[in-house]
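Each reported figure results from applying straightforward, stated rules to the coordinates on display, with no laboratory input. As the structure is a computational prediction, the values presented were derived from the model and not from experiment. Note that each Cβ is placed from the backbone with ideal geometry, even for glycine, and that neighbours are counted across all protein chains shown.
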Amino acid sequence: MRIVGGSHRGRRLLAPEGGIARPTADRTREALFNILCHASFGVLVGARVVDCFAGSGALGLEALSRGAAHVTFLEKHPAALDTIRTNLAAIREEPRGLILRGDATHPPKALEPCDLALLDAPYDSGLSVACLEGLRDQGWLTPEALVVVEVAAKEAFPLPLGFEVKEERVYGAARLVFLAL
């Protein structure tokens, strides 16, 4: 696994041991960030980002590499938290990253709202809906925020109240759902 674009392009990333995380495939991550950087969304440069179910931190680290101002990594598993810490240090981006130990389905109150939220819950878990509601209710999202949810390609994804689908894309086993408030 590696960072696929931006200032840290090509840097190798560690994944947590023991199969506790399913990192987004490089191809899917590259497509996602090309959309965020170059398509009509254009929300990445200078953005405050929250990476929920962060796992290895790959999504948030890619965001930093591509110009995000700050990323908060939200993860509850100790081994994953250690991996994120190691990956963040390896690319020397600690000042622009905050690692929070916590359950993404019950996030703490936000210190500052984010312009972009990236959610990559375990496939077929149904956890993304609770996370979206928690982010909305705890002040994590600006009124103009974009949310990207990765689910399994054929996974049911009930839309939480207050969100609207802007776009959907399928990449192999993954489906990216782009949402706005």
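With the condition kept exactly as written, say whether any residue in the stretch 80-93 is in contact with a helix residue (DSSP H, G or I) (Cβ under 6 Å, 6 or more places away or on another chain), in a strand (DSSP E or B) and crowded, with 22+ Cβ neighbours inside 10 Å.
Looking for residues that are in contact with a helix residue (DSSP H, G or I) (Cβ under 6 Å, 6 or more places away or on another chain), in a strand (DSSP E or B) and crowded, with 22+ Cβ neighbours inside 10 Å, one finds none in the stretch 80-93, hence no.
Could you list, in sequence order, all residues of the stretch 21-47 that are farther than 29 Å from Pro113 by Cβ and of a type in the set (A, V, I, L, M, F, W, C)? Spell out the reasoning first.
Let us first name the residues in the stretch 21-47 that are farther than 29 Å from Pro113 by Cβ, namely 25-27.
Ala25 - this is the single residue of the stretch 21-47 that is farther than 29 Å from Pro113 by Cβ and of a type in the set (A, V, I, L, M, F, W, C).
Looking only at the stretch 139-168, count how many residues are buried (at least 18 other Cβ atoms within 10 Å of the Cβ), of a type in the set (A, V, I, L, M, F, W, C) and not in a loop (DSSP other than H, G, I, E, B).
Total meeting the criteria: 7.
Residue check: is Ala54 out of contact with any Ser or Thr (no Cβ under 6 Å at 6 or more places or on another chain), outside any loop (DSSP other than H, G, I, E, B) and touching a residue at least 12 places away in the same chain (Cβ under 8 Å)? Break it down into steps so the answer makes sense when it comes.
Numbers: out of contact with any Ser or Thr (no Cβ under 6 Å at 6 or more places or on another chain): yes; outside any loop (DSSP other than H, G, I, E, B): no; touching a residue at least 12 places away in the same chain (Cβ under 8 Å): yes.
Considered against the rule, which asks whether it is out of contact with any Ser or Thr (no Cβ under 6 Å at 6 or more places or on another chain), outside any loop (DSSP other than H, G, I, E, B) and touching a residue at least 12 places away in the same chain (Cβ under 8 Å), Ala54 comes out as no.
Give the stretch 8-41 a look and list any residue that's of a type in the set (A, V, I, L, M) and either outside any loop (DSSP other than H, G, I, E, B) or without any contact (Cβ under 8 Å) to a residue 12 or more places away in the chain (or both), or say none.
Result: Ala31, Leu32, Ile35, Leu36, Ala39.
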